[in-house]
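The values are calculated or read from the model by the stated rules, or taken from the named source; none is laboratory data. What you are looking at is a predicted structure, and each value in this text was computed from that prediction instead of being measured. Glycine also receives a Cβ, built like all others from the backbone with ideal geometry; neighbour counts cover every protein chain displayed. Protein only, heavy atoms only, side chains kept; ligands, DNA and RNA dropped before computing areas. Shrake-Rupley method; radii C 1.70, N 1.55, O 1.52, S 1.80 Å.
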Amino acid sequence: MQVRWEYLTPADFKALAQKEKLCILPIGSLERHGEHLPFGTDALIVHTVAVRAAQQEPCVVFPPYWFGQVHEAACFAGTVNFNQKLLLEMLETLVDQIAGNGFEKILILNGHGGNTHFLQYFAMSQCDRELDYTIYTGFYQGERFNAVPWETQLQGNLGGHADEIETSLMMAIAPEAVKMEYQKFREPVDPLYDTSSLGVYTGYWWYALYPEHVNGCPSLASREKGEKALEAAAADVAEMIRKLKADTLTPSLQKEFYKRMRNK
Ligand SMILES: [Zn+2]
């Protein structure tokens, strides 16, 4: 079943939008993933998961959206950052445009850890304006995905970036884009500096911990593990879609909130 926005024809798009009312916006980044993975890794993974999930629980899937928060990788080639104001404005315009095409619900499905706080702030900031649609944000890794027994994690390293997990997923999605011969860093990659003793937040914490943008053990990756993980993630996201389609609480809360906002 075709669920990808960019491949749909007008009649099929309209039928799917009108019936399901939900669109997934898969968001990642353009960011260094060590030396062996492509810059688009996060968006490619989350888009693939969204498409597989939507084939189980139908909805429309927007093309991969590359422009997330990735200031922590500003010192590396391949990174594209927009200034904060533009980043938020682009996302706001995009969700309005998506909704204007006949959707009542938009799930911004995240594939890049660095987007988490940015997306939560974005979602919260939308309370200021009256929308005729509902915005949700979520991460593609759910219960089934987290139950996958990754070797690195069993060894006590959490991993999480250009690691066994992301490398396996990319081996399943685009094997030709994975260049294991370029992975020369010691594994698991040890943090270089530790800023936690300062007891405050610094924008350089990620760079301090993972200066080569590898966290974990990429050489433990395999295509088979990637396939299993994709299947688990797709089942997790399909369940998320089912719940959001059935959700009447959030839209009714929105209406109540707007009413009080108008009469405050
Ligand atoms: Zn990543």
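For the residues MET240, MET171, the requirement of being out of contact with any helix residue (DSSP H, G or I) (no Cβ under 6 Å at 6 or more places or on another chain), open to solvent by less than 70 Å² (accessible area, probe 1.4 Å), touching a residue at least 40 places away in the same chain (Cβ under 8 Å) and outside any loop (DSSP other than H, G, I, E, B) singles out MET240. If only one of GLU130, GLU166, GLU72 is more than 14 Å from the ligand (Cβ to nearest atom) and touching a residue at least 24 places away in the same chain (Cβ under 8 Å), which one is it? So the residue among GLU130, GLU166, GLU72 that is more than 14 Å from the ligand (Cβ to nearest atom) and touching a residue at least 24 places away in the same chain (Cβ under 8 Å) is GLU130. When each of GLY102, GLY160, GLY138 is tested for being open to solvent by less than 60 Å² (accessible area, probe 1.4 Å) and within 16 Å of the ligand (Cβ to nearest atom), the lone residue that passes is GLY160. For the stretch 1-40, filtering for residues that are within 16 Å of the ligand (Cβ to nearest atom), hydrophobic (A, V, I, L, M, F, W, C) and in a strand (DSSP E or B) leaves 2. Exactly one residue among ALA50, ALA54, ALA43 is modelled with pLDDT of 95 or more, under 16 Å from LEU230 (Cβ atoms) and near the ligand (Cβ under 10 Å from one of its atoms), and that residue is ALA43.
Pick from the stretch 141-157 the residues that are more than 15 Å from the ligand (Cβ to nearest atom) and modelled with pLDDT of 95 or more: which of them is surrounded by the fewest Cβ atoms within 10 Å (Cβ to Cβ)? Please lay out each step first, then the result.
Of the stretch 141-157, the ones more than 15 Å from the ligand (Cβ to nearest atom) are 142-144, 146-149, 151, 153-157.
Filter once more, so that each one left must be modelled with pLDDT of 95 or more: 142-144.
Numbers: GLY142: 18, GLU143: 10, ARG144: 17.
Among residues in the stretch 141-157 that are more than 15 Å from the ligand (Cβ to nearest atom) and modelled with pLDDT of 95 or more, the one surrounded by the fewest Cβ atoms within 10 Å (Cβ to Cβ) is GLU143.
Only one entry of ALA73, ALA54, ALA17 meets the criterion of being surrounded by 17 or more Cβ atoms within 10 Å (Cβ to Cβ), over 16 Å from THR116 (Cβ atoms) and touching a Lys or Arg at 6+ places or on another chain (Cβ under 9 Å), and that entry is ALA54. When THR116, THR79 are checked against the criterion of being within 13 Å of the ligand (Cβ to nearest atom), free of Cβ contacts under 8 Å to residues at least 24 places away in the same chain and within 22 Å of GLU166 (Cβ to Cβ), THR116 stands alone in meeting it. Among the residues here, ARG262 does not qualify as open to solvent by 50 Å² or more (accessible area, probe 1.4 Å) and in contact with a Pro (Cβ under 9 Å, 6 or more places away or on another chain).
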